[in-house]
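Q: Sending over a structure as C-alpha cells; questions will come in a sec.
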Amino acid sequence: MSSVCLTIAFIVTCLLSLLSWAKGERQVRSSGAAGTQEKSVCYGRLGCFSNAPPFSSDIPLPQPRKRINTTFHLRTRSNPVQSHVLKPDRPETLRRSNYETGVMTRIILHGYSMYGTIEPWIETMVQAILAKDDSNVIVVDWLKGAMATYSQAVGNTRLVGAEVANLIKWLMDKTGNPLDSFHIIGFSLGAQVAGYAGDRLGGRIARISAVDPANPGFKDTDPRVHLDPSDAKFVDAIHTDGNTLLGVGLGMKDAIGHVDFYPNGGNDQPGCDMASSSEGSFIYQLSVSFSCDHFRAADLYIASINATNGPMQGYRCDNYDRFRQGTCMSCRGNRCRKMGWDAERVPRQERVKFYLQTTAEDPFKVNHYQVKMHFRNVSRAKEVDAKLYLQLRGPEGETEEVALKEGNQVRIVPGHSQKFLFSTPTHLSKVESVSFRWEEVTSSSSWWFSSWFGDEEEDTGVKTLHVKSIKLKPGEADIQTRSHYCLSRPHRGILAKDTKTFRSCIRRAA
Ligand SMILES: [Ca+2]
Ligand SMILES: [Ca+2]
C-alpha cells in the first residue's frame, strides 16, 4: 500500500509542480514587459550560468554546488553491491576504487525526485548492466537538486551536467580512458543533464541513452538548452509518455536523438490506462496513469539489457497510424533497429523515428507481422463492416487470438486488399496455419459467420466473406529466412463452425 501512497503523492506533487511552473511562467512573462533582468551565477571551475538567451529567464538559475551535492557512486563486477564514492578533487577515492581502464564507463542519471531516495529501477539497471557487460557503472545522486520545485530542478540540470562533464574529464585525465568509452543513460530530467554534459565535452562521448527525456521546460528550446544529436556521437531515445489525460506529457514527444523509439506510439503504454485499474479513486487511477507511462521507459531499457526473449525491434515509419496499418514491416535499407541497449545509428541520419508494440509486462517483447488480406470480388459479394480476428499456429504452439485493427470495425470491399498489424508475445519459428474469424458489425446486435471463397454454398440469409488470400510478412524473422506466407486454399476439414483454418502453402512470394 505504501507504494500506492507514494505514487499518489508523486502525482499530486508533480501536477502541482507543473501547474505552479506554468503559473510562474506566466507571471515572469507579464513582468517581462517592464524589462526582464539578465542574471548569472558562477560556481568555481564549473564556470558561470546565465539566463540570457538561448536560456529562459523563466527558469531559475542553478542552485549552489554544495546545496545540490552531486555525488558519484561507482559499482563494478568486483563491487556489485557496495559502491565506492568518487570525488573528482580527491584522487585517492579513485585509487582506492575498482575503477577499470579499457572498459566502458556507464553513467546513470535519475530524474525529478519526490522523496529524496534513489528510485528502485536504478538498482535493477545497475545489476542488469554488470551482468551484461564488464563496465564501470556510476550512479549520479543529485537528489537534493531534483527534489526542488519542478522549475528549480530544471534549472539545476545545467549544474549537474557540468558536474558530470567535470567527472568525465577527471577520469580521462587520471586513467587514460578515452571520451568514446563514456555512455550516459539518463531518465527524464536526467536525460537533459546528459545533454548538458555531452555538450560540454564537444559531443564526443560515445553515447547518450535518453529514457523518456523530460519535456516541460525543454520543448521548443534551442539545441543548447535540450538534449539533441550534437551532444554525443550516438544519441538514442525511448519515448513513452508524450501526453497524458490532461494533455501534459512528462516525456518529450519530439525526436531528439539519432534514433528515436516510440513504443506503442510513445504516448500511453499498455497496462497504464485508467480502464486497466478498475479499483481505487479517480485520483488513484489518475496517479497510476500519470507516472506509469513515464517510468515504463526505464523498464523497457532494463528489459532490453536482459533481452530474455531477444531484442525488441522498432520499425521506421512516418507515424504511428501508418505503423498500425502494418505498412512499415521491413528491415531493408536501415528500416528497422533494436531498441535500447543494442540500438545503433542509421548512417548519416538523425531524428529517425522507429515504432513498435510491446506487452504490458516484462519482458515486453512482441513479434510483429504484416497481415495482407485480399477479398475476392464475386457477383453477389457486398461491402460489409466487420471485426476481424486472427490466430497463428506453428511448431511451438499457437498465439492468442488477436483482434485486427485493435478490435475496431473494418470496411471490407470485395476485390480490394487491406493491410493490418498483428503482434504477439508468442514466438513461432514459422507459421504453419492461420485461423481466422469475423464478426459482422450491425447497427443493432452483432453476430458472426465465416465462409470461404465463392465456391462455397451460400445459405439464405448467411453473410459470406470471400477471402482470396492471407499473406503474412514476419518482421522479426531473420532476413535470410523471411518469406511471405501465402495462405490460399483452405482445408475443407473445418475445425469449428465459426473458425476457418488456412494451411500455409509456404510459397515464397516476390
Ligand atoms: Ca544539446
Ligand atoms: Ca501518457
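Values in this text are rule-based calculations from the coordinates and carry no lab data. What you see is a predicted model, and the numbers here were worked out from it, not measured in a lab. All Cβ positions, even for glycine, are placed from backbone atoms using ideal geometry, and neighbour counts span all protein chains on display.
Q: Can you tell me which lysines have their Cα less than 27 Å from the Cα of Lys253? Leave out same-chain residues fewer than eight positions away.
A: Lys23, Lys219, Lys233, Lys338, Lys353, Lys365, Lys405, Lys419
Q: At a 10 angstrom cut-off on C-beta neighbours, averaged per residue, how do the peptides 111-119, 466-474 rank from highest to lowest? Provide the component values of the computation, followed by the final result.
A: On the way: 111-119: 17.2, 466-474: 20.0.
Per-residue mean Cβ counts within 10 Å order the peptides as 466-474, 111-119.
Q: Can you compute 3J(HN,Hα) from phi for each residue in the stretch 178-186, using the Karplus curve 6.51 cos²θ - 1.76 cosθ + 1.60 with θ = phi - 60°, rounded to whole Hz and x for Gly and Pro?
A: Couplings: x, 3, 7, 9, 10, 10, 9, 10, x Hz.
Q: Using θ = phi - 60° and the Karplus relation 6.51 cos²θ - 1.76 cosθ + 1.60, list the HN-Hα couplings for the stretch 97-114 in order, rounded to whole Hz, with x at every Gly or Pro.
A: 8, 9, 3, 9, 9, x, 10, 6, 10, 9, 10, 9, 10, 7, x, 4, 10, 8
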